1. Can you sort 277, 1 from fewest to most other Cβ atoms within 10 Å of each residue's own Cβ?
2. Subtracting the Cα-Cα distance from 0.36 nm times the residue separation, let me have the gained length for residue 210 to residue 84 in nm, one decimal.
3. What distance in nm lies between label points placed 7 Å from Cα along the C-beta direction at residue 10 and residue 105?
4. Which whole-number percent is the relative contact order of the stretch 47-121 (Cα, under 8 Å, 6+ apart)?
5. Starting from the Kirkwood Rh over alpha-carbon pairs, what translational D in µm² s⁻¹ does the chain have by Stokes-Einstein at 20 °C and 1.002 mPa s?
6. Using 7 Å Cα-to-Cβ label points, what is the residue 138/residue 243 separation (nm, one decimal)?
7. Mind jotting down the distance between the C-alpha centroids of the stretch 226-304 and the stretch 133-202, whole Å?
8. So what is the relative contact order of the chain, in percent, for Cα pairs below 8 Å that sit 6 or more residues apart?
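Taken together, the values in this text are just the output of simple stated rules run on the coordinates, not laboratory data. Computed from a predicted model, the values in this text were never measured in an experiment. Neighbour counts run over all protein chains shown; Cβ positions are idealised from the backbone, glycine included.
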Ligand code: 13P
Ligand code: SF4
């Protein structure tokens, strides 16, 4: 990016007391000017530590909402307020209440990719980097894991002593990474290791050498002695992978590794938001307070 644009963004951030948080799936040039870039767990934690009065979130709605829920006194703005994760809506409040009646000991575990309303009905939030740890920590035998079926299924196999009740949510981006695409990539690059996000289907995960969150995939590739990797998650991670590992090779598994919502967050929109400070995340007080408890519990359990 040219120096003039970087200087303009730096000046606007200082003048307006803004910190920029960005997820690994947004465009490389947005990651470049962000103050903090990470996976959804890192960003939720970071949002509780920043000093600035205003947070500009470069990601999808549930990420900005989580930052606001955890920081009611700060103003949180979305770089693009139409960038929404479809999976965040794939759970149902009435169904949660019904499951609670049926299984009185149930823990409702809510993947952070969920709306504030769904979080408000849940016992604890998790992200892909801490779900296993948190499920193991909980005393409850029954686990209702919402909204993502694939992450729930992956964790359930690692914790066979728990009884999982599944929900049928999914990420369309990860679901469309098919095992045949990976087989083809493995044939083309036989030395490469397969690194996959747990939102992928079980068929895909079976072929993976490593399964982890976006940050965990980047860390794994960076510390590995292997020089080639087949990456099974959204293509935005290639930016950080290549920055950190200029001597290694990273292969995609086709054209579908593209989250259309994350890709709405363009550098022009970031500049426009810094200039006009519109699209503030606003939440109903009662929902915010109820949704805060499971997020705080996640930060406590994951940090143990
Ligand atoms: P991470 O928690 O790995 O950042 O994943 C978020 C996400 O949206 C995956 O599709
Ligand atoms: Fe949602 Fe999937 Fe996009 Fe992640 S990649 S934000 S889960 S649609």
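1. With the sparsest Cβ surroundings first, the list reads 1, 277.
2. Full-extension gain reported as 42.6 nm.
3. A separation of 5.8 nm, rounded to one decimal place.
4. 31 percent
5. Translational diffusion coefficient: 108 µm²/s.
6. The answer from the label model is 3.4 nm.
7. Comparing the Cα centres of the stretch 133-202 and the stretch 226-304, I get a distance of 18 Å.
8. 22 percent
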